[in-house]
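Trainee: Questions regarding the structure given below will be posed in turn.
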Amino acid sequence: MKLLVMSHAADRTGAPRSALLLAQEWVRLGLDVRILLRRDGVLRPDFEAVAPTEIYRADPAFGVRDFGAMTREGDAVLALKCLRNPGRPYCRSASERHHVNTLADQYRDWGADAIYANTSHCADMIEQIGLSLPVLTHVREMAPSLLALDTRRRQHLIAGDGPVLAVSERGRSDLVEIGVAAARIAIEPPAAAVPDRAGLDAQRTDVERELGLLPGDRLIASAGTVGPRKGADLFINAVQHVLERSTGPERIVAVWLGEGAWLEACRARVAAAGLAGRILLPGAVADVTPVLRRAELLLCCSREDPYPRVLIEAALTGAPSIAFAGTGGAEEFIAEFDAGWLVPAFDIGAMAAQVGAALAARQGPDEALAGRVASERSVQKSAARLLGHLQDLVGGDAWRD
(Lines give C-alpha, C1' and ligand atoms only; values in the text may rest on other atoms or scores of the structure.)
Protein backbone atom coordinates (compact mmCIF):
# COMPACT_ATOMS: atom_id res chain seq x y z
CA MET A 1 0.00 0.00 0.00
CA LYS A 2 1.16 3.52 -0.83
CA LEU A 3 -0.04 5.75 1.98
CA LEU A 4 0.11 9.55 2.17
CA VAL A 5 0.22 10.58 5.85
CA MET A 6 -0.94 14.14 6.54
CA SER A 7 -0.44 16.11 9.74
CA HIS A 8 -1.01 19.75 10.57
CA ALA A 9 2.41 20.44 12.09
CA ALA A 10 5.88 19.15 12.90
CA ASP A 11 5.99 20.34 16.50
CA ARG A 12 6.24 18.24 19.66
CA THR A 13 2.54 18.33 20.52
CA GLY A 14 0.59 15.09 20.82
CA ALA A 15 -0.94 14.81 17.34
CA PRO A 16 2.30 15.22 15.31
CA ARG A 17 4.13 12.84 17.64
CA SER A 18 1.35 10.30 17.11
CA ALA A 19 1.62 10.69 13.34
CA LEU A 20 5.38 10.22 13.49
CA LEU A 21 5.14 7.00 15.52
CA LEU A 22 2.42 5.59 13.28
CA ALA A 23 4.39 6.39 10.14
CA GLN A 24 7.45 4.65 11.60
CA GLU A 25 5.42 1.55 12.37
CA TRP A 26 3.72 1.47 8.96
CA VAL A 27 7.10 1.67 7.25
CA ARG A 28 8.28 -1.19 9.45
CA LEU A 29 5.23 -3.17 8.36
CA GLY A 30 6.17 -2.66 4.72
CA LEU A 31 3.95 0.21 3.57
CA ASP A 32 5.31 2.77 1.13
CA VAL A 33 4.75 6.00 3.07
CA ARG A 34 5.08 9.66 2.20
CA ILE A 35 4.39 12.51 4.60
CA LEU A 36 2.83 15.94 4.07
CA LEU A 37 2.99 18.46 6.92
CA ARG A 38 1.06 21.71 6.92
CA ARG A 39 3.86 23.64 8.57
CA ASP A 40 7.47 23.09 9.55
CA GLY A 41 8.74 22.39 13.04
CA VAL A 42 11.38 20.78 15.21
CA LEU A 43 10.22 17.25 14.36
CA ARG A 44 10.72 17.67 10.63
CA PRO A 45 14.10 15.84 10.64
CA ASP A 46 12.45 12.96 12.51
CA PHE A 47 9.70 12.74 9.89
CA GLU A 48 12.28 12.94 7.09
CA ALA A 49 14.19 10.04 8.66
CA VAL A 50 11.04 7.91 8.36
CA ALA A 51 9.81 8.74 4.84
CA PRO A 52 9.97 11.43 2.13
CA THR A 53 8.46 14.53 3.73
CA GLU A 54 7.08 17.73 2.23
CA ILE A 55 5.85 20.97 3.81
CA TYR A 56 2.49 22.14 2.51
CA ARG A 57 2.93 25.80 3.45
CA ALA A 58 6.58 26.55 4.06
CA ASP A 59 6.26 30.33 3.98
CA PRO A 60 2.63 31.56 3.93
CA ALA A 61 2.22 34.64 1.78
CA PHE A 62 -0.72 36.48 0.25
CA GLY A 63 -0.26 39.74 -1.63
CA VAL A 64 -2.41 42.23 -3.51
CA ARG A 65 -2.27 40.21 -6.73
CA ASP A 66 -3.40 37.10 -4.86
CA PHE A 67 -6.21 39.16 -3.34
CA GLY A 68 -7.32 40.20 -6.80
CA ALA A 69 -7.17 36.64 -8.16
CA MET A 70 -9.25 35.23 -5.30
CA THR A 71 -11.76 38.08 -5.58
CA ARG A 72 -12.19 37.34 -9.29
CA GLU A 73 -12.80 33.72 -8.38
CA GLY A 74 -15.79 34.88 -6.34
CA ASP A 75 -14.55 34.80 -2.74
CA ALA A 76 -13.89 38.41 -1.83
CA VAL A 77 -14.59 37.87 1.88
CA LEU A 78 -11.96 35.14 2.21
CA ALA A 79 -9.57 37.20 0.07
CA LEU A 80 -9.80 40.06 2.57
CA LYS A 81 -9.24 37.68 5.49
CA CYS A 82 -6.22 36.21 3.71
CA LEU A 83 -4.74 39.62 3.10
CA ARG A 84 -4.94 40.27 6.84
CA ASN A 85 -3.74 36.80 7.86
CA PRO A 86 -1.89 34.87 5.13
CA GLY A 87 -1.54 31.83 7.40
CA ARG A 88 -5.29 31.07 7.37
CA PRO A 89 -6.45 27.84 5.71
CA TYR A 90 -7.29 28.18 2.01
CA CYS A 91 -5.15 31.33 1.68
CA ARG A 92 -2.62 30.56 -1.04
CA SER A 93 -0.44 32.81 -3.11
CA ALA A 94 0.30 32.05 -6.74
CA SER A 95 3.62 30.45 -5.75
CA GLU A 96 1.89 28.31 -3.14
CA ARG A 97 -0.70 27.16 -5.67
CA HIS A 98 2.13 26.13 -7.96
CA HIS A 99 3.82 24.29 -5.08
CA VAL A 100 0.63 22.40 -4.22
CA ASN A 101 0.00 21.49 -7.84
CA THR A 102 3.54 20.15 -8.09
CA LEU A 103 3.03 18.05 -4.97
CA ALA A 104 -0.26 16.71 -6.34
CA ASP A 105 1.46 15.66 -9.57
CA GLN A 106 4.21 13.93 -7.60
CA TYR A 107 1.72 11.97 -5.53
CA ARG A 108 -0.27 10.97 -8.62
CA ASP A 109 2.89 9.78 -10.37
CA TRP A 110 3.81 7.85 -7.23
CA GLY A 111 0.40 6.17 -7.30
CA ALA A 112 -0.87 6.86 -3.78
CA ASP A 113 -3.64 4.49 -2.65
CA ALA A 114 -5.05 6.35 0.35
CA ILE A 115 -4.65 9.29 2.70
CA TYR A 116 -4.39 9.07 6.48
CA ALA A 117 -5.33 12.52 7.84
CA ASN A 118 -3.98 12.81 11.37
CA THR A 119 -6.45 15.51 12.50
CA SER A 120 -9.56 17.28 11.23
CA HIS A 121 -7.32 20.29 10.56
CA CYS A 122 -6.00 18.54 7.43
CA ALA A 123 -9.25 19.07 5.48
CA ASP A 124 -7.99 21.98 3.38
CA MET A 125 -4.85 20.04 2.39
CA ILE A 126 -6.98 17.08 1.31
CA GLU A 127 -9.27 19.33 -0.70
CA GLN A 128 -6.58 21.39 -2.39
CA ILE A 129 -4.20 18.52 -3.18
CA GLY A 130 -7.22 17.08 -5.00
CA LEU A 131 -6.10 13.45 -5.39
CA SER A 132 -9.59 11.89 -5.24
CA LEU A 133 -8.34 9.15 -2.94
CA PRO A 134 -10.06 7.36 -0.06
CA VAL A 135 -9.35 9.22 3.18
CA LEU A 136 -9.21 7.96 6.77
CA THR A 137 -9.57 10.97 9.06
CA HIS A 138 -8.47 10.63 12.69
CA VAL A 139 -10.16 13.37 14.69
CA ARG A 140 -8.17 14.35 17.78
CA GLU A 141 -10.34 17.31 18.77
CA MET A 142 -13.40 17.89 20.94
CA ALA A 143 -16.45 20.04 20.23
CA PRO A 144 -14.88 23.42 21.17
CA SER A 145 -12.02 22.90 18.72
CA LEU A 146 -14.28 21.41 16.04
CA LEU A 147 -16.68 24.33 16.29
CA ALA A 148 -13.74 26.74 16.07
CA LEU A 149 -12.72 25.28 12.70
CA ASP A 150 -13.50 27.48 9.73
CA THR A 151 -16.82 26.54 8.13
CA ARG A 152 -15.23 25.04 5.03
CA ARG A 153 -13.03 22.56 6.88
CA ARG A 154 -15.81 21.61 9.28
CA GLN A 155 -18.20 21.04 6.39
CA HIS A 156 -15.58 18.90 4.62
CA LEU A 157 -15.57 16.64 7.67
CA ILE A 158 -19.36 16.55 8.02
CA ALA A 159 -20.23 16.07 4.35
CA GLY A 160 -17.79 13.27 3.58
CA ASP A 161 -18.87 9.68 3.19
CA GLY A 162 -15.63 8.04 4.33
CA PRO A 163 -14.82 6.66 7.77
CA VAL A 164 -13.94 8.96 10.64
CA LEU A 165 -12.05 7.88 13.75
CA ALA A 166 -12.60 9.49 17.13
CA VAL A 167 -10.13 9.00 19.97
CA SER A 168 -12.76 8.47 22.67
CA GLU A 169 -16.46 8.01 23.30
CA ARG A 170 -16.58 11.69 24.23
CA GLY A 171 -14.95 12.50 20.90
CA ARG A 172 -17.52 10.37 19.09
CA SER A 173 -20.43 12.17 20.74
CA ASP A 174 -18.89 15.55 19.91
CA LEU A 175 -18.58 14.56 16.25
CA VAL A 176 -22.23 13.54 16.18
CA GLU A 177 -23.09 16.84 17.83
CA ILE A 178 -21.54 18.84 14.98
CA GLY A 179 -23.29 16.73 12.33
CA VAL A 180 -21.05 13.77 11.45
CA ALA A 181 -23.15 10.66 10.85
CA ALA A 182 -22.75 8.23 13.74
CA ALA A 183 -22.48 5.27 11.34
CA ARG A 184 -19.24 6.72 9.94
CA ILE A 185 -17.47 6.93 13.30
CA ALA A 186 -15.24 4.34 14.92
CA ILE A 187 -12.92 4.81 17.91
CA GLU A 188 -9.14 4.51 17.97
CA PRO A 189 -7.47 6.18 20.97
CA PRO A 190 -3.96 7.64 20.78
CA ALA A 191 -0.99 5.35 21.31
CA ALA A 192 2.59 5.66 22.49
CA ALA A 193 5.88 3.85 22.21
CA VAL A 194 6.43 1.27 24.93
CA PRO A 195 9.62 2.38 26.72
CA ASP A 196 12.45 0.27 28.05
CA ARG A 197 11.70 0.81 31.73
CA ALA A 198 15.05 -0.61 32.87
CA GLY A 199 16.78 1.80 30.51
CA LEU A 200 14.76 4.67 31.95
CA ASP A 201 15.79 3.64 35.46
CA ALA A 202 19.41 3.92 34.38
CA GLN A 203 18.73 7.57 33.51
CA ARG A 204 17.36 8.43 36.97
CA THR A 205 20.53 10.15 38.18
CA ASP A 206 20.70 12.22 34.98
CA VAL A 207 17.09 13.32 35.39
CA GLU A 208 17.70 14.31 38.99
CA ARG A 209 20.78 16.31 38.02
CA GLU A 210 18.99 18.10 35.19
CA LEU A 211 15.99 19.01 37.34
CA GLY A 212 17.96 19.74 40.49
CA LEU A 213 16.30 16.95 42.48
CA LEU A 214 17.53 15.14 45.54
CA PRO A 215 17.28 11.33 45.50
CA GLY A 216 14.46 11.33 48.05
CA ASP A 217 12.35 14.06 46.45
CA ARG A 218 8.75 13.13 45.58
CA LEU A 219 8.19 14.23 41.97
CA ILE A 220 4.83 15.17 40.43
CA ALA A 221 4.80 15.69 36.67
CA SER A 222 2.69 17.02 33.85
CA ALA A 223 3.36 17.74 30.20
CA GLY A 224 1.74 19.57 27.33
CA THR A 225 1.36 22.99 25.76
CA VAL A 226 1.60 25.66 28.46
CA GLY A 227 -1.74 27.34 27.97
CA PRO A 228 -5.38 27.48 29.04
CA ARG A 229 -6.69 24.29 27.40
CA LYS A 230 -4.15 22.05 29.14
CA GLY A 231 -4.68 23.92 32.41
CA ALA A 232 -1.17 25.11 33.24
CA ASP A 233 -2.65 27.61 35.70
CA LEU A 234 -4.69 24.87 37.39
CA PHE A 235 -1.55 22.76 37.70
CA ILE A 236 0.25 25.56 39.54
CA ASN A 237 -2.78 26.13 41.78
CA ALA A 238 -3.00 22.43 42.62
CA VAL A 239 0.71 22.10 43.38
CA GLN A 240 0.62 25.16 45.61
CA HIS A 241 -2.19 23.51 47.60
CA VAL A 242 -0.16 20.30 47.80
CA LEU A 243 2.89 22.14 49.10
CA GLU A 244 0.83 24.05 51.66
CA ARG A 245 -0.66 20.81 52.98
CA SER A 246 2.55 18.80 52.98
CA THR A 247 3.75 17.81 56.44
CA GLY A 248 5.95 14.81 55.62
CA PRO A 249 9.74 14.77 55.76
CA GLU A 250 10.20 14.37 52.00
CA ARG A 251 10.38 17.36 49.70
CA ILE A 252 7.67 17.50 47.01
CA VAL A 253 8.69 18.93 43.63
CA ALA A 254 6.51 19.39 40.54
CA VAL A 255 7.55 19.73 36.91
CA TRP A 256 5.64 20.69 33.77
CA LEU A 257 7.33 19.71 30.50
CA GLY A 258 6.38 21.77 27.46
CA GLU A 259 6.30 25.20 25.96
CA GLY A 260 3.53 27.56 24.95
CA ALA A 261 2.10 31.05 25.11
CA TRP A 262 1.77 31.01 28.90
CA LEU A 263 5.24 29.69 29.69
CA GLU A 264 6.93 32.96 30.67
CA ALA A 265 3.90 34.18 32.60
CA CYS A 266 3.76 30.90 34.53
CA ARG A 267 7.47 31.10 35.30
CA ALA A 268 7.00 34.66 36.57
CA ARG A 269 4.07 33.62 38.73
CA VAL A 270 6.03 30.73 40.27
CA ALA A 271 9.03 32.97 40.92
CA ALA A 272 6.85 35.64 42.53
CA ALA A 273 5.45 32.99 44.89
CA GLY A 274 8.98 31.96 45.87
CA LEU A 275 8.47 28.46 44.44
CA ALA A 276 10.96 28.42 41.56
CA GLY A 277 12.77 25.46 43.12
CA ARG A 278 9.59 23.50 43.78
CA ILE A 279 7.54 24.08 40.60
CA LEU A 280 9.79 23.58 37.59
CA LEU A 281 8.99 24.80 34.07
CA PRO A 282 12.00 23.80 31.96
CA GLY A 283 10.22 24.07 28.61
CA ALA A 284 10.07 21.44 25.88
CA VAL A 285 12.19 18.31 26.05
CA ALA A 286 12.88 15.79 23.30
CA ASP A 287 11.71 12.83 25.38
CA VAL A 288 9.39 13.10 28.39
CA THR A 289 9.57 9.44 29.41
CA PRO A 290 12.73 9.59 31.61
CA VAL A 291 11.07 12.31 33.70
CA LEU A 292 7.76 10.44 33.82
CA ARG A 293 9.57 7.30 35.03
CA ARG A 294 11.16 9.34 37.84
CA ALA A 295 7.78 10.88 38.72
CA GLU A 296 5.39 9.21 41.10
CA LEU A 297 2.23 10.81 39.71
CA LEU A 298 1.03 12.67 36.66
CA LEU A 299 -1.42 15.54 37.11
CA CYS A 300 -3.72 16.06 34.13
CA CYS A 301 -5.29 19.50 34.56
CA SER A 302 -6.84 19.86 31.10
CA ARG A 303 -10.04 21.85 30.83
CA GLU A 304 -10.97 19.77 27.78
CA ASP A 305 -9.00 17.06 26.02
CA PRO A 306 -10.43 14.22 23.92
CA TYR A 307 -7.78 11.74 25.14
CA PRO A 308 -4.59 13.14 26.71
CA ARG A 309 -1.71 11.18 25.20
CA VAL A 310 0.54 12.00 28.14
CA LEU A 311 -1.62 9.79 30.39
CA ILE A 312 -0.65 6.84 28.19
CA GLU A 313 3.02 7.81 28.25
CA ALA A 314 2.97 8.15 32.03
CA ALA A 315 1.18 4.83 32.55
CA LEU A 316 3.66 3.06 30.28
CA THR A 317 6.41 4.17 32.68
CA GLY A 318 4.39 2.99 35.68
CA ALA A 319 3.07 6.37 36.84
CA PRO A 320 -0.68 6.67 37.55
CA SER A 321 -2.58 9.90 36.88
CA ILE A 322 -4.98 12.23 38.63
CA ALA A 323 -7.39 14.06 36.31
CA PHE A 324 -10.57 16.11 36.36
CA ALA A 325 -13.79 14.20 35.70
CA GLY A 326 -15.97 15.20 32.77
CA THR A 327 -13.25 16.89 30.72
CA GLY A 328 -12.80 14.29 27.98
CA GLY A 329 -10.99 11.03 27.40
CA ALA A 330 -8.96 11.04 30.62
CA GLU A 331 -12.00 9.64 32.40
CA GLU A 332 -12.26 6.77 29.90
CA PHE A 333 -8.56 5.94 30.08
CA ILE A 334 -8.40 5.90 33.88
CA ALA A 335 -11.52 3.75 34.12
CA GLU A 336 -10.44 1.26 31.44
CA PHE A 337 -6.96 0.64 32.82
CA ASP A 338 -7.42 1.44 36.52
CA ALA A 339 -4.78 4.05 35.80
CA GLY A 340 -5.31 6.53 38.60
CA TRP A 341 -7.99 8.74 40.14
CA LEU A 342 -10.62 11.25 39.06
CA VAL A 343 -11.61 14.32 41.07
CA PRO A 344 -14.49 16.75 40.44
CA ALA A 345 -13.80 19.09 37.56
CA PHE A 346 -11.54 22.00 38.49
CA ASP A 347 -11.75 21.26 42.23
CA ILE A 348 -8.20 22.17 43.16
CA GLY A 349 -8.65 21.21 46.80
CA ALA A 350 -9.88 17.73 45.85
CA MET A 351 -6.97 17.28 43.47
CA ALA A 352 -4.45 18.33 46.13
CA ALA A 353 -6.03 15.96 48.65
CA GLN A 354 -5.83 13.08 46.17
CA VAL A 355 -2.17 13.88 45.48
CA GLY A 356 -1.46 13.64 49.19
CA ALA A 357 -3.30 10.34 49.53
CA ALA A 358 -1.63 8.88 46.45
CA LEU A 359 1.87 9.89 47.56
CA ALA A 360 1.25 8.39 50.98
CA ALA A 361 0.28 5.07 49.38
CA ARG A 362 2.90 4.92 46.61
CA GLN A 363 5.49 2.14 46.66
CA GLY A 364 7.40 2.82 43.43
CA PRO A 365 6.39 2.44 39.79
CA ASP A 366 3.25 0.44 39.04
CA GLU A 367 4.67 -2.19 36.70
CA ALA A 368 1.29 -3.94 36.40
CA LEU A 369 -0.26 -0.70 35.12
CA ALA A 370 2.50 -0.37 32.54
CA GLY A 371 1.78 -3.90 31.34
CA ARG A 372 -1.98 -3.35 31.09
CA VAL A 373 -1.59 -0.21 29.02
CA ALA A 374 1.12 -1.72 26.77
CA SER A 375 -1.28 -4.51 25.84
CA GLU A 376 -3.68 -2.08 24.13
CA ARG A 377 -2.16 1.38 23.72
CA SER A 378 1.19 0.56 22.14
CA VAL A 379 1.85 2.16 18.77
CA GLN A 380 2.29 -1.33 17.30
CA LYS A 381 -1.25 -2.34 18.30
CA SER A 382 -2.74 0.97 17.16
CA ALA A 383 -0.93 0.97 13.80
CA ALA A 384 -2.15 -2.57 13.11
CA ARG A 385 -5.76 -1.63 13.89
CA LEU A 386 -5.51 1.49 11.73
CA LEU A 387 -4.00 -0.55 8.91
CA GLY A 388 -7.07 -2.77 9.04
CA HIS A 389 -9.28 0.31 8.52
CA LEU A 390 -7.09 1.42 5.61
CA GLN A 391 -7.15 -2.01 4.00
CA ASP A 392 -10.94 -2.06 4.18
CA LEU A 393 -11.01 1.45 2.75
CA VAL A 394 -8.93 0.72 -0.34
CA GLY A 395 -10.00 -2.79 -1.22
CA GLY A 396 -10.21 -5.18 1.66
CA ASP A 397 -8.46 -8.49 1.11
CA ALA A 398 -6.45 -7.21 -1.86
CA TRP A 399 -4.15 -5.51 0.64
CA ARG A 400 -3.95 -8.23 3.23
CA ASP A 401 -1.08 -10.73 3.48
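The values are calculated or read from the model by the stated rules, or taken from the named source; none is laboratory data. Given the structure is predicted, the values throughout are model-derived calculations rather than measurements. For neighbour counting, all protein chains shown are included, and Cβ atoms are generated from backbone atoms with ideal geometry for every residue, glycine included. For accessibility, only protein heavy atoms count, side chains too; no ligands or nucleic acids. Shrake-Rupley method; radii C 1.70, N 1.55, O 1.52, S 1.80 Å.
Trainee: At 222 nm, what value in deg cm²/dmol follows for the chain if DSSP H runs of at least 4 each add -39500 (n - 2.57) and the sum is divided by all its residues, to the nearest 500?
Mentor: Values: 19 runs with 190 residues, N = 401.
Dividing the helical sum by the residues of the chain leaves -14000 deg cm²/dmol.
Trainee: Below 8 Å between Cα atoms, with a sequence gap of 6+, how large is the relative contact order for the chain in percent? Don't skip to the answer; put the middle values down first.
Mentor: Numbers: 721 pairs, mean separation 57.1, N = 401.
Averaging sequence separation for qualifying contacts and normalising by length gives 14 percent for the chain.
Trainee: Within the chain, what is the longest stretch that has no GluC sites (Glu not before Pro) placed in a DSSP loop and near at most 13 other beta-carbon atoms within 10 Å? Before the final figure, lay out each step's value.
Mentor: On the way: sites that count: GLU73, GLU250.
Answer from the scan: 74-249.
Trainee: Can you work out ³J(HN,Hα) from phi for every residue in segment 217-223, in order, using Karplus 6.51 cos²θ - 1.76 cosθ + 1.60 and θ = phi - 60°, giving whole Hz and x for Gly and Pro?
Mentor: 5, 8, 9, 10, 10, 8, 7
Trainee: Hydropathy first: keep DSSP H helices in the chain averaging at least 1.0 on Kyte-Doolittle, then drop any whose Cα extent along the axis falls short of 18 Å, and list what survives.
Mentor: Details: long enough: 14-28 (21 Å, 0.09); 94-110 (24 Å, -1.47); 232-245 (20 Å, 0.37); 348-361 (20 Å, 1.62); 379-394 (22 Å, 0.24).
Counting only whole DSSP H runs, the qualifying helices are 348-361.
Trainee: Considering only protein heavy atoms, what per residue accessible area in square angstrom results for the chain with a 1.4 angstrom probe? Before the final figure, lay out the partial values.
Mentor: On the way: 16650 Å² over 401 residues.
For the chain, the per-residue accessible area is 42 Å².
Trainee: Using Cα-Cα distances under 8 Å and only pairs 6 or more residues apart, what relative contact order does segment 60-121 have, in percent?
Mentor: Relative contact order here is 31 percent.
Trainee: Let me ask something else. If you add up the charges near PHE333, with Lys and Arg at +1 and Asp and Glu at -1, over every other residue whose beta carbon is less than 13 angstrom from its beta carbon, what do you get?
Mentor: Details: positive: ARG170, ARG309, ARG372, ARG377; negative: GLU169, ASP305, GLU313, GLU331, GLU332, GLU336, ASP338, GLU376.
With Lys, Arg at +1 and Asp, Glu at -1, the net is -4.
Trainee: Please list ARG34, ARG12 from largest to smallest accessible area, probe radius 1.4 Å, with all protein chains kept in place. Show your work: numbers first, answer last.
Mentor: Values: ARG34 70, ARG12 90 Å².
My answer, sorted largest first, is ARG12, ARG34.
Trainee: Leaving out ligands, DNA and RNA but keeping every protein chain, what accessible area does LYS81 have, in Å² rounded to the nearest 10, with a 1.4 Å probe?
Mentor: The value for LYS81 is about 90 Å².
Trainee: TRP341: accessible area at probe 1.4 Å, nearest 10 Å²?
Mentor: 90
Trainee: Between the DSSP loop rule and a limit of at most 14 other Cβ atoms within 10 Å, which trypsin sites (Lys or Arg not before Pro) in segment 310-401 are left?
Mentor: Details: sites: ARG362, ARG372, ARG377, LYS381, ARG385, ARG400; in loops: ARG362, ARG400.
Here the sparse-neighbourhood loop sites are ARG362, ARG400.
Trainee: Taking K and R as +1 and D and E as -1, what net charge do the other residues with C-beta under 15 Å from the C-beta of SER382 add up to?
Mentor: Working: positive: ARG17, ARG28, ARG140, ARG309, ARG377, LYS381, ARG385; negative: GLU25, GLU188, GLU313, GLU336, GLU376.
Surrounding charge for SER382 is +2.
Trainee: So, taking all protein chains as they sit and a 1.4 Å probe, how much accessible area belongs to ILE322, in Å² rounded to tens?
Mentor: Here the accessible area works out near 0 Å².
Trainee: Please compute the net charge surrounding ILE252, taking Lys and Arg as +1 and Asp and Glu as -1 over other residues with Cβ under 10 Å from its Cβ. If you can, show how the numbers build up before the last one.
Mentor: Values: positive: ARG218, ARG245, ARG251, ARG278; negative: ASP217, GLU250, GLU296.
Cβ neighbours under 10 Å give a net charge of +1.
Trainee: Percent relative contact order of segment 320-401, based on C-alpha pairs within less than 8 angstrom and at least six residues apart?
Mentor: Details: 58 pairs, mean separation 17.9, N = 82.
This gives 22 percent for segment 320-401.
Trainee: Let me ask you something else. Please report the carbon-and-sulfur percent of the accessible area for the chain; probe 1.4 Å, protein heavy atoms only, DNA, RNA and ligands left out.
Mentor: Working: 8650 of 16650 Å².
Answer for the chain is 52 percent, counting heavy atoms of protein chains only.
Trainee: Taking the chain as a whole, which cysteines find no other cysteine Cβ under 4.7 angstrom from their Cβ?
Mentor: CYS122, CYS266, CYS300, CYS301
Trainee: Quote the Stokes-Einstein diffusion coefficient, in whole µm² s⁻¹, for the chain, based on the Kirkwood radius over alpha carbon pairs, a temperature of 20 °C and a viscosity of 1.002 mPa s. Let's see the in-between values first.
Mentor: Working: Rh = 22.4 Å.
Using the Kirkwood radius from Cα pairs, D works out to 96 µm²/s.
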